[in-house]
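Asker: So that we are looking at the same thing, I have put the structure below in structure tokens.
The values are calculated or read from the model by the stated rules, or taken from the named source; none is laboratory data. Please read these numbers as outputs of a predicted model, since none were measured by experiment. We place every Cβ from the backbone using ideal geometry, glycine too, and count neighbours over all the protein chains shown. Note: areas computed on protein heavy atoms with side chains; ligands, DNA, RNA excluded. Shrake-Rupley method; radii C 1.70, N 1.55, O 1.52, S 1.80 Å.
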Amino acid sequence: MSTEKQGGSTIAIIVMFFLFGMVAFVTNMAAPFGNIWGYTYSWSGMMGNMMNFLAYLFMGIPAGKMLETKGYKKTALIAMVIGLVGLFIQYLSSLFGADVAVFTYGGQVVALNLIIYLLGAFVCGFCVCMLNTVVNPMLNLLGGGGNKGNQLIQAGGSINSLCGTVTPMLVGILIGEVTDKTAMSDVAPLLFIGMAVFAISFVVIYMATIPEPKSAAVEGEKSQYSAWSFRHFLFGVGAIFCYVGAEVGIPAQLNFYLSDPNGINNAVLGGSLAAAYWFLMLCGRLGSTVISGKVSSKAQLSTTAGLGIALLLGAIFLPESVAIGSVPFKCYMIVACGLCTSVMWGCIFNLAVEGLGKYTAAASGIFMMMVVGGGVWPLIQDLIGVNLGRMTSYWIPIALFAYILFFAVAGSKNVNKDIPVE
């Protein structure tokens with residue numbers, strides 16, 4: 001490889017890492033923001049998160065098509081603009097609409113400011129969907145696929161986890177104790193930082209050189225096959241639908257458990273332990289970056305899925321009286337799940353697109369569509385948490401980990417190697 005090509009690849013990798021961080025920064029605002037709205041509307045704690053991930057369902061396939069026809073760079077630039085607009089809309093929810101009733105739900109009058117916030121979360125979802133569609137196949141490609149491709153995705157995921165660690169911690173500090181006076185205006189500084197970062201990111205990406213890999217759509221080819229033709233990809237789509245739900249729901253319910261005004265009522269502690277979960281994801285991804293060149297994605301995924309099931313079962317059945325200070329020990333078991341979820345995204349993506357060749361760009365769009373699981377499953381888990389107890393809700397991620405374990409052990413095998421992919 002020439003020095004010029006190596007330099008271009010290095011710049012592209014750095015840019016992809018940066019985009020990976022932006023995905024976490026935007027996504028991880030939604031759950032802690034739920035503490036603001038959840039005080040007034042008990043049913044709305046995960047609605048912002050739901051809107052954020054619901055956007056994936058609508059944008060996943062279009063983002064994949066955009067990737068094929070417009071290229072990686074243009075798709076990323078458009079995503080930056082959409083992200084800035086989404087954060088600005090969320091900021092507008094702090095300025096007006098609190099006294100304007102829109103409809104009544106569950107005996108409560110829902111104000112316009114909540115609707116504006118949810119719209120902003122939905123728009124931000126378009127942004128992070130597009131960024132994810134760009135980042136994952138590009139890093140897999142730059143790493144050469146296989147174990148090395150997964151190694152690069154895990155390295156980028158470390159940056160993602162770093163931003164994921166900082167975001168809920170900052171939100172917790174800005175909110176402090178949740179009261180009837182807590183509002184979106186309290187977290188406005190974080191929204192302004194996000195908008196500034198998006199603006200700067202646009203300039204950086206515009207000036208950077210990003211390679212455009214081969215895709216069937218760019219070549220104008222007609223084929224009887226598609227990404228859907230690969231059985232292991234189909235199972236992988238299901239696995240990512242499950243994984244994102246578990247990844248988001250696990251720390252979100254812990255945050256609600258510790259921030260509950262009728263319980264511990266400490267948003268700083270809730271945000272700190274949620275941040276600790278994301279920090280362990282950072283540690284796990286850094287560790288995976290070191291070992292992924294030698295340890296297969298299948299081995300990493302099956303091990304972490306099994307461990308995650310064991311930790312959550314322990315958290316459910318361990319008495320709350322077993323505590324360290326005022327914090328039940330089961331909370332730390334839930335936090336430890338961050339080590340398990342840390343490697344799952346990269347491993348699932350790597351296994352699911354292995355051998356897809358020119359169908360990878362389209363597959364990435366489909367993959368992103370199913371990230372809607374990050375809105376669906378946490379919402380279901382939250383409904384269970386509100387009505388049956390926060391710890392009872394953890395049966396949901398246990399079931400999701402069980403499917404991921406199946407994918408790792410059996411569903412990830414490519415049985416369609418006869419399909420031409422060059």
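Asker: Quickly estimate the mean residue ellipticity at 222 nm for the chain, helices only: each DSSP H run with n ≥ 4 gives -39500 (n - 2.57), and the total goes over all residues, rounded to 500.
Answerer: -24500 deg cm²/dmol
Asker: Write down, largest first, the equivalent ellipsoid semi-axes of segment 87-207 in whole Å, where each equals the square root of 5 times an eigenvalue of the alpha-carbon gyration tensor.
Answerer: Taking √(5λ) for each eigenvalue gives 35, 16, 15 Å, largest first.
Asker: Right, here's the next one. Working out 0.36 nm times the residue gap between L307 and V109, then minus their Cα-Cα distance, what length gain in nm do you get to one decimal?
Answerer: Additional length available on full extension: 66.9 nm.
Asker: What residue among F317, V327, G107 has its Cα farthest toward the positive end of the dipole of the chain, where the charges are +1 on Lys, Arg and -1 on Asp, Glu, each on the Cβ?
Answerer: F317
Asker: Which length gain, in nm to one decimal place, applies between L119 and S229 when the Cα-Cα distance is subtracted from 0.36 nm times their residue separation?
Answerer: 36.1 nm
Asker: Tell me, what is the percent relative contact order of the chain, built from C-alpha pairs under 8 Å that lie six or more residues apart?
Answerer: Here the relative contact order equals 26 percent.
Asker: For the chain, what % of the accessible area comes from carbon and sulfur atoms, probe 1.4 Å?
Answerer: 68
Asker: How far apart, in nanometres, would the label points at I380 and Y332 be if each is projected 7 angstrom from Cα along the Cα-to-Cβ direction?
Answerer: Spacing of the two 7 Å Cα→Cβ label points: 3.2 nm.
Asker: Also: Whole number in Å², please: accessible area per residue of segment 64-164, 1.4 Å probe, ligands, DNA and RNA not counted.
Answerer: 36
Asker: May I pose another question? To test your reading of the geometry: what angle, between 0 and 90 degrees and rounded to tens, separates the Cα axis of helix 188-207 from the longest principal axis of the chain?
Answerer: So the helix axis and the longest Cα principal axis differ by about 10 degrees.
Asker: Set the Förster radius R0 to 35 Å, insert the Cβ-Cβ distance between A410 and L286 as r into 1/(1 + (r/R0)^6), and round the FRET efficiency to 0.05.
Answerer: Working from the Cβ atoms, E equals 0.75.
Asker: Set the Förster radius R0 to 22 Å, insert the Cβ-Cβ distance between T392 and L318 as r into 1/(1 + (r/R0)^6), and round the FRET efficiency to 0.05.
Answerer: Efficiency at R0 = 22 Å is approximately 0.95.
Asker: Report the one residue of S292, G172, F20 whose Cα lies farthest in the direction of the positive end of the charge dipole of the chain (charges on C-beta: Lys and Arg +1, Asp and Glu -1; origin at the Cα centre).
Answerer: S292
Asker: Can I ask one more? Round to the nearest 10 and give me the degree value, 0 to 90, for the angle of helix 146-175's Cα axis relative to the longest principal axis of the chain.
Answerer: Value to nearest ten degrees: 20.
Asker: Could you tell me whether segment 1-103 comes out rounded, prolate or oblate from its Cα gyration tensor? Rule is a ≥ b ≥ c as square roots of the eigenvalues, rounded for a/c under 1.5, then prolate if a/b exceeds b/c, otherwise oblate.
Answerer: prolate
Asker: Ordered by residue, what ³J(HN,Hα) values in Hz, to whole numbers, does segment 397-403 give under the Karplus form 6.51 cos²θ - 1.76 cosθ + 1.60, where θ = phi - 60° and Gly and Pro are x?
Answerer: x, 4, 5, 5, 4, 5, 5
Asker: Loop only by DSSP, 10 or fewer other Cβ within 10 Å of the Cβ. Give me the trypsin sites (Lys or Arg not before Pro) in segment 305-407 that pass, ordered by residue number.
Answerer: Listed in order of number, the matching sites amount to none.
Asker: Relative to the longest principal axis of the C-alpha atoms of the chain, give the angle of the C-alpha long axis of helix 3-27, reported between 0 and 90° and rounded to the nearest 10°.
Answerer: That works out to roughly 20 degrees.
Asker: Which FRET efficiency value, to the nearest 0.05, do you get for I14 and K294 by plugging their Cβ-Cβ distance into 1/(1 + (r/R0)^6) with R0 = 25 Å?
Answerer: Working from the Cβ atoms, E equals 0.55.
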